[in-house]
Amino acid sequence: MMANSPADSLVELEDAVAACPPERCAHILSGIVNLLTASRDRPQKLLAAAVDGVLLRLTERVAASALVQLGAALAALAVAPPETLRRLAMHDDPDVACPVLLKSQALSTTDLVTVATTCSERHQRAIAARNCVEPDVTEALIKRGDQICLALIKNPGTKFSEAAYATLIAGADQDGEIAKALVLRPGIPDLVVRKLLSAPSGKTVPAKPSASSVPPAQDATPALQKLPSSTDYANARPEIVALNRVGKLNDSTVNRFAIRGETANLFTALSVLSGAPIEIVEHVMIDEDCEGLVMACRASRLNWTTTLAILSNRSGTRLSFAERERAQLIFETLLLSTSQWTVRWGEIATNAGKSDPGHRGARMGGSR
């Protein structure tokens, strides 16, 4: 009697599984998983291919809880049964699919792109959180919405193609959070930063309101909004430039300006130290969001104590604990690349200053 070939045996095993009760199928499934995970000394690729068909049959006959365990086990393997892995990755239940999508290195880029374009947001978020997200996968995911875009930008393992950057820059026109996240991402190409900062949406610095346009109620607002006049800046600038020339325009001096409320001196000092026009300094000072001001302080090479003094004294109210924590987090993030941020702040100044050349010339008087 002639022995059955391995292929025939596998077919018989698949047929037997199809007739097994669910409890028996779960037991067989557990045995195959143990075989795959415990056989490090055997040819993994061959073994994975051999049991793939049987596993596919079993996945049709076991409970979701067993599939969750199977997905977690297969996700940890460098080589896994390919068809079974794909089925788990595309499973409608995110609890089954997400461990595979998040951790499996055996899934191909094509598999991940397919899931990214067809499955739920939880599936997409799992892919966006992988240790490494290849450019093709990134391009597929960024078409799925702003929240996925932000998750990708904040993941250090995401790889962006030129096409992906172009899509994100276009999206930044409508969503300022995307622009902020991109600019704060370490290692972002300078060309991308320049394009972001030169985009028309929200990047134009508003001109200082004239005295005739300010309503009477303006007197009741914090003193910070009463910006210095051109004469104030002209009087402050010679002293600030002189202090900078002899190396005395430092944290101690700027801190004193902030605490004493010497607004013209403070604004001029930030302009000189960061290379940003006065209009930019005015803008970040009155902006409710502290991020721009923290960036200006970091570009000026000021320390956190001085930065906190500026933040705390720019309005009549104290910083809340949450605001202070957020500002310090931003400051510490920028601290990782001091030189880069100094250059980038210069780009912000250049692009924003172009929005109103006449106003800049009248107010700056060559502040650079």
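No value in this document is a laboratory result; all are computed from the given coordinates. Treat the numbers as computed from the prediction; the structure is a model and nothing was measured. Counting neighbours? That spans all protein chains shown, and the Cβs are built from the backbone with ideal geometry, glycine included.
Computed from the alpha carbon atoms alone, the convex hull of the range 131-202 holds 74 Å³ per residue.
For Thr333 and Glu60, the FRET efficiency from 1/(1 + (r/R0)^6), where r spans their Cβ atoms and R0 equals 35 Å, is about 0.15.
Fully extending the segment from Asp190 to Ala163 would add 8.1 nm, taking 0.36 nm per residue of separation and subtracting the current Cα-Cα distance.
Going by C-beta contacts inside 10 Å, put Glu282, Glu239, Glu288 in order with the fewest on the left. List each step's numbers first, then the result.
Working: Glu282 23, Glu239 13, Glu288 5.
In order of increasing Cβ crowding within 10 Å: Glu288, Glu239, Glu282.
Specify whether the C-alpha gyration tensor of the range 45-112 places it in the rounded, prolate or oblate class, a ≥ b ≥ c being the square roots of the eigenvalues: rounded for a/c under 1.5, otherwise prolate if a/b is larger than b/c and oblate if not. In terms of gyration-tensor shape, oblate.
Remark: spin-label model distance Asn131-Thr305 equals 4.2 nm, labels positioned 7 Å along the Cα→Cβ axis. A Förster radius of 30 Å, combined with the Cβ-Cβ distance separating Asp289 from Ser252, puts the computed FRET efficiency at roughly 0.65.
Please go through the residue pairs Lys159/Lys180; Lys154/Lys248; Lys195/Lys248 and name each one whose alpha carbons sit more than 30 Å apart in this structure.
Lys154/Lys248; Lys195/Lys248
Counting every other Cβ atom within 10 Å of each residue's Cβ, Ile169, Ile280 order from fewest to most as Ile169, Ile280.
What FRET efficiency comes out for Asp52 versus Asp92 if R0 is 22 angstrom and r is the Cβ-Cβ distance? Round to the nearest 0.05.
After rounding to 0.05, the efficiency reads 0.60.
Taking label positions 7 Å along the Cα-Cβ direction at both Ala234 and Glu325, the computed distance is 4.8 nm, reported to one decimal.
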